[in-house]
Amino acid sequence: MSIRFSKRLLLLDERSNDFLRTLVYLGGYCTIEQAQRLGLANSARRVVARLEALKQSGFLRQVAHYAVIYQVTKSATRLVGSDLMARRRHTPATIRCKLLGVNFYLEAKAWPADFVLDYAKKIALLNDAGCPTEALPHFRGRPYLWQEFILLPRDRGVCVAAVDRGHDTVMYQTSTLARRYGKVLECLPSQFRLIVAVASNHRAELYRKWAAQPIARPFTHNTLQPYRVKTLLPQVQISHEEKME
């Protein structure tokens, strides 16, 4: 198995390698348009050709035809370590959430803001800012920061950005984020804030509402804020045949 993987690695140029690594960190899914904006190639035709080449070499699989959506495979996740969530099968609602995360990343880079994608560097950055590891969100006894982005706005502080799951209630997500990151805010009271990327004005208003309620403590409307992503999301339609592949 390692020999076959090594041979596939030889097929990757620097641009494809960087694209795959970034895509794993962003959640594992992209459309053709997003792949082009992520720098895979300069034209739509070349992007399609590169995506198909990565599919043939086992680093991507196509999970939907309308819109055309690709997902990373185990071979791609091995480029960055272990992120099992990025290569698992997901529902259309979850896939839309992942695509929303990619759009947020592409827009937020122009704020300007610097993203920290490497998992070990996320932990090190928060440690260096003054937040001990035991104050970070944990899962099964270990720090767990895979699902959220960490970015450094050029103006100030450290920001964690979550992506709104449109199929879950805003109340539940607000309380969950507050619980997961409450100790981080207590360690970095003047530096830290949470952003939630949303796909509609309605969801943004709901987050503003609940951020001002007791369920958001220790966060307030100033430290937990929605960000309305401007780029529209495609409707995800997965046929029975595609689900069986």
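Helix 92-108 axis versus longest C-alpha principal axis of the chain: approximately 80°, rounded to the nearest ten.
Helix 44-56 and the long axis of the chain differ in direction by around 80°, with both axes built from C-alpha atoms. For Leu188, no residue whose modelled amide H falls within less than 5 Å of its own remains once neighbours fewer than 5 places apart on the same chain are excluded. Probing with 1.4 Å while keeping every protein chain in the model, the per residue accessible area of the range 184-241 equals 56 Å².
If R0 is 45 Å, what FRET efficiency do you get for Thr169 and Lys74 from their C-beta distance, rounded to 0.05? Could you put the intermediate results ahead of the total?
Details: r = 33 Å, r/R0 = 0.73.
The computed FRET efficiency comes out at 0.85.
Annotation: the antiparallel percentage among DSSP beta bridges lying fully within the chain is about 60.
The mean accessible area for residues of the range 45-130, using a 1.4 Å probe and ignoring ligands and nucleic acids, is 45 Å² per residue.
Please work out how much length the chain gains when fully extended from Asn42 to Ile215, using 0.36 nm per residue of separation minus the C-alpha to C-alpha distance, in nm with one decimal.
On the way: separation 173, 0.36 × 173 = 62.28 nm, distance 4.58 nm.
Result for the pair: 57.7 nm of gain on full extension.
Expressed as a whole percentage, what fraction of the accessible surface of the range 50-173 belongs to carbon and sulfur atoms when a 1.4 Å probe is rolled over the protein heavy atoms? If you can, show how the numbers build up before the last one.
Numbers: 2990 of 5690 Å².
Within the range 50-173, the accessible surface is 53 percent carbon and sulfur.
Pull up the DSSP beta bridges for the range 118-227 and report the antiparallel fraction as a percent, rounded to 5. Walk me through the numbers before you get to the answer.
Numbers: 5 of 15 bridges.
Around 35 percent of the beta bridges assigned by DSSP in the range 118-227 are antiparallel ones.
For percent of Cα pairs over 30 Å apart, the value calculated from this model appears in (i) 28; (ii) 41; (iii) 18 under label (i).
The label-point distance for His202 and Phe139, in a model that sets each label 7 Å from Cα toward Cβ, rounds to 2.9 nm. Between the Cα long axis of helix 14-25 and the first principal axis of the chain there is an angle of about 40°, rounded to the nearest 10.
Pairs of Lys residues in the chain that lie 8 or more places apart, or on two chains, and have C-alpha atoms under 21 angstrom apart add up to 17. Nonpolar atom fraction for the range 186-241, defined as the carbon and sulfur part of the 1.4 Å probe accessible area, stands at 52 percent.
The values are calculated or read from the model by the stated rules, or taken from the named source; none is laboratory data. Keep in mind it's a predicted model, so treat the numbers as computed, not measured. Positions of Cβ are generated from backbone atoms using ideal geometry, with glycine treated the same way; all protein chains shown enter the neighbour counts. Remember, those area values only see protein heavy atoms, side chains included, never the ligands or the DNA or RNA. Shrake-Rupley method; radii C 1.70, N 1.55, O 1.52, S 1.80 Å.
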